[in-house]
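Each remark here refers to the structure printed beneath this line.
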Amino acid sequence: MTQVNIKTKVQGGGFLFTKNDFKDQFIPEEFTDEQKMMANATQEFIDKEVLPNVERIDGQEPGLMRSVMSKAGELGLLGVSIPEQYGGLGMSFNTSMLIADIVAPTGSFTTAYGAHTGIGTLPILYYGNDLQKEKYLSKLASGEWMACYCLTEPDAGSDANSGKTKAVLSADQQHYLISGQKMWISNAGFADLFIVFAKIENDRNLTAFIVEKSFGGITMNDEERKLGIKGSSTRQVFFNDTKVPIENMLSTRENGFKIAVNILNIGRIKLGCGVINGCKHLASQSTQYANQRKQFGVSISSFGAIKIKLADMAAKTYAIESASYRAGNNIDQQINFLITEGLEENQAKLKGIEQFAIEAAIIKVHGSEVLTYVADQGVQIFGGMGFSEEAPMARAYRDARITRIYEGTNEINRMLLVGMIIKRIIRGQFDLKAPYDAIINDHNIPAATSSATGSLLPEEQLIIEQLKSTVILLLGKGLEIYGTTFNDEQEIMLNIADMIIEIYAAESALLRTQKLLNDHKKSSNKLFVDLTQLYLCEAVTKIKNDGYEASASMSSGDDLSFLLNRIDVYTNYNAINKKDLRRNIADEMIAQDKFPYSLYQ
């Protein structure tokens, strides 16, 4: 079922400080036959039960979303991550990523599915005691019950721990009475179970509770009228002395904030992965329309301006797909390693995911922004029809917008990922000093040849190494100038975050392509080389621009000149003919009348 190695030397965020070998990487072409069968079964379900009903779902036809979700439960799709002993399929983390990927094109259903299987179910799976798991997980896996997650409040969004919802111990000390208001609660309209975060007395941190709707004292506002994902249930929820048995406290008192953070890490990476099939779907629809639409007597797909858009859609999708499954398998590796070290399975899963919180944030940001780009360009290719609700792009454009907000805004995630890297540097988990000193002392200026010479795609391997040196330079300089207040320089943090995101995505695409060239002798490999080179070329430009901006924000005079000089050296990627790359990729899409490759058919 899985491709993980028992032992792993990979450390979350460590890709910045390491030269990575493609031989050690998992690529989605290596999914097993069983996983591909699961992907195909999921796709058949989406094609039969969801896509034909998107209008009815978006119209919030009473009972329809609940019915579709229940059918997903009957097929086992709600229990992918739940152990078999609780009625689930007990599959690997990367397999759960794969299913999130396949569900991606469905907009409102994607949101309902993700809220139920992720933030609604996983707190019980990872933090519940045996009795709680026995009581609730089988119902959630089968679709008998639906779940939601109540964290956000009117004055507590990104700062979740500042929530004001209270839990007061009853006089008989057998219940907690929960009172407060939650907002933006996905699935609230049809949920049977609520994961609720509240503070007991004057506690500093939140505590989590499992609240059944049948407990009473729960009221809701009408469904929110939203820009997109209109078919998903989103309501404000009010708890009015809701009587919750003390045994329904989840984990321990004041551990709620930790639960929220760790579960959101999972939500982030699943959200980032959960755009991939949506991007492919939109790229295919855009290609088909471009082939059919005639202007000046020819299909618009023959125009270079359209080929730019199609090729960039494919290259960006290839990168986020490569990054997502690379990180997903690293998490599985870490989980298996921790289990062999004697850690209990659920603790191993939590620790494994926590170790890759940096990658989770990267994939959330990158995936959501790739989806935004693909949907936007899809509208543009459709032209006037793209602006019409009669064509598919309008809904996709609206639905895509939320992905940059929920599971932590992209701004928050950017600052989190850099902040986590800085924290690990300070703790000594990453060695920044040696490579930074080498750069400052002129010992780390790459020559025309490097350790990459002789490898597959050696020039691309070299530029990845150089781009990492650019980030190391700016991290070192930032810590040198600002010390422990570096996190307060949000503008610089955002620049560095974007550089790190582009490096991870570009390196993931490169490692995948190198492995394909080495292990999978296919005629389509030229396509993957083109996709990689196009993405990397664009990434180098972005990294150079962000590096310039960050340097100018924290230095001046000779110090600034030094930084800019190093950035020029490290972003010296020989001129690539992007026109030909884009034409090659787009022509393949045009010939196939769809996204240019398939993993599962």
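The values are calculated or read from the model by the stated rules, or taken from the named source; none is laboratory data. In this text the structure is predicted, and so the values were computed from the model without any measurement. Cβ coordinates were reconstructed from backbone atoms using ideal geometry, including for glycine residues, and neighbour counts include every protein chain displayed.
Values as computed for the structure displayed
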| read-out | value |
| --- | --- |
| Residue, surrounded by the most Cβ atoms within 10 Å (Cβ to Cβ), within the range 562-591, restricted to residues that are under 29 Å from the mean Cα position of the chain (by Cα) and within 18 Å of Ile500 (Cα to Cα) | Tyr570 |
| Complete set of residues in the range 214-255 that are basic (Lys, Arg) and surrounded by 18 or more Cβ atoms within 10 Å (Cβ to Cβ) | Lys230, Arg235 |
| Filtered residue count, the range 157-181, keeping only those that are touching a residue at least 60 places away in the same chain (Cβ under 8 Å), within 11 Å of Lys199 (Cβ to Cβ) and in a helix (DSSP H, G or I) | 1 |
| Residue match in the range 132-150 (condition: touching a residue at least 60 places away in the same chain (Cβ under 8 Å), closer than 19 Å to Phe356 by Cβ and hydrophobic (A, V, I, L, M, F, W, C)) | no |
| Residue that is farthest from Thr207 (Cα to Cα) [pool: residues in the range 228-257 that are outside any strand (DSSP E or B) and acidic (Asp, Glu)] | Glu247 |
| Residues of the range 340-389 satisfying the condition of being outside any helix (DSSP H, G or I) and either under 21 Å from the mean Cα position of the chain (by Cα) or within 24 Å of Lys307 (Cα to Cα) (or both) | Phe356, Ser388 |
| Residues located in the range 380-401, provided they are at pLDDT 95 or above and of a type in the set (A, V, I, L, M, F, W, C) | Ile381, Phe382, Met385, Phe387, Met393, Ala394, Ala396, Ala400 |
| Residue in the range 269-278 that is over 24 Å from the mean Cα position of the chain (by Cα), outside the structural domain of Lys166 (by TED's automatic domain parsing) and modelled with pLDDT of 95 or more present | no |
| Subset tally (residues that are at pLDDT below 95 and either within 19 Å of the chain's Cα centre (by Cα) or outside any helix (DSSP H, G or I) (or both)) for the range 498-540 | 5 |
| Which listed residue is surrounded by 22 or more Cβ atoms within 10 Å (Cβ to Cβ) and charged (D, E, K, R), from Asp101, Asp130 | Asp101 |
| Verdict on Gln285 being outside the structural domain of Thr165 (by TED's automatic domain parsing), touching a Phe, Trp or Tyr at 6+ places or on another chain (Cβ under 9 Å) and within 30 Å of Ile381 (Cα to Cα) | yes |
| Checking Lys199 against (1) free of Cβ contacts under 8 Å to residues at least 40 places away in the same chain; (2) under 25 Å from the mean Cα position of the chain (by Cα), the condition it does not meet | (2) |
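Here's the yes/no breakdown for (1) part of a helix (DSSP H, G or I); (2) more than 25 Å from Ile353 (Cα to Cα); (3) out of contact with any Cys (no Cβ under 7 Å at 6 or more places or on another chain):
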position	(1), (2), (3)
Ser67	yes, yes, yes
Val80	no, no, yes
Met91	no, no, yes
Asn94	yes, no, yes
Ala100	yes, no, no
Thr110	yes, no, yes
Ala115	yes, no, no
Leu125	yes, no, yes
